[in-house]
Amino acid sequence: MEPLFFLVLLVQVWSVRPHDQLLNKNIFILAGQSNMAGRGGVVDETITGAAATWDGIVPPQCKPSRSILRLSANLTWVLAHEPLHADIDVKKTVGVGPGMAFANAVLAKDATFGVIGLVPCAVGGTKIREWGKGTFLYKQLMRRARSSLQDGGTIQALLWYQGESDTVTKEDTEYKRKLERFFMDFRDDLQSPLLPIIQVALASGSGPFIKIVREAQLGIDLLNLRTVDAKGLSLEPDGLHLTTRAQVRLGKMLADSFLHFLPTSPILTPTHTSSTGPPIRCSNFIFYIFLLALLLRCIRMILGN
């Protein structure tokens, strides 16, 4: 009877699903610099000599949906729409980024996925050292990540696109070390050591050392980290920022990469309690490891009989 008991327990654990979509949002943290914040459709002042402006064109792949929310600057959930970072990257003119295209692509490929909550945190022109633990940007990132969980939800992944500002000086090994440290600190502070991270390898840069930064990004080897390569995507006339069309393409690439993390469909993962904030729910494969260990134990017990 004992093996049968464990098999029944395994089925019950595997069948756990969110019961209330609004209370169990699938949350994605969007961080990095300008290409994550979005400059698609922005005419840069360095080209025209005038103030930067956004053309206001929103492609259908970035359309609003009742199933896509965003965490505003004042930490409330609102219906998401372009530009996602308008009240976050406030010192720049913001246009289309990859976030809305990503969310719509996920929902298009998995209609059962549920409500998506996007948490914009990217700030244009920032270097990797500005994202280190203890910095203003890191504190803001953690504050927004924790606040996104106040009324329920699961942090499914970090979407990260940064590095253009680090191509000005030759700091290849230093960049790689700082980026790895940032990823590990972010996971540690969310108490989710296997939280999926999807980073974007540079398509452009502010200086001559693009290759060095790209090699550092592509050389990072962390469990549950995937890299989407933006090289070759079309750029605005400034030669630095992705066009609207390229941002749509990048959003789909990020969605494809994230969906490869999922076995079939999202499940509710264990809840960890933070002493400094609300319960932290993060998607990680410790849950799957538990299931696998339980299954193997059942098999051994059955074979032993």
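Observations on the structure shown:
- When 253, 36 are compared by accessible area at a 1.4 angstrom probe, the order from most to least is 253, 36.
- What the Cβ-Cβ distance of residue 302 and residue 110 gives, at R0 = 35 Å and to the nearest 0.05, is a FRET efficiency of 0.55.
- Centre-to-centre separation between the Cα atoms of the range 179-193 and those of the range 60-125: 23 Å.
- Fraction of accessible area attributable to carbon and sulfur, the range 106-205 (%, probe 1.4 Å): 50
- A crude spin-label estimate for the pair residue 180 and residue 55, with each label 7 Å from Cα along the Cβ direction, gives 4.2 nm.
- With a Förster radius of 25 Å applied to the beta-carbon distance between residue 151 and residue 218, the computed FRET efficiency rounds to 0.10.
- Highest average packing first - 240-250, 25-35, 214-224, 196-206, Cβ atoms within 10 Å: 25-35, 240-250, 196-206, 214-224
The values are calculated or read from the model by the stated rules, or taken from the named source; none is laboratory data. Only a predicted model underlies this, so the values are computations on that prediction, with no experimental measurement involved. Note: ideal-geometry Cβ built from the backbone for every residue, glycine included; neighbour counts use all protein chains shown. In case anyone asks, the SASA skips ligands and DNA or RNA and just uses the protein heavy atoms, side chains included. Shrake-Rupley method; radii C 1.70, N 1.55, O 1.52, S 1.80 Å.
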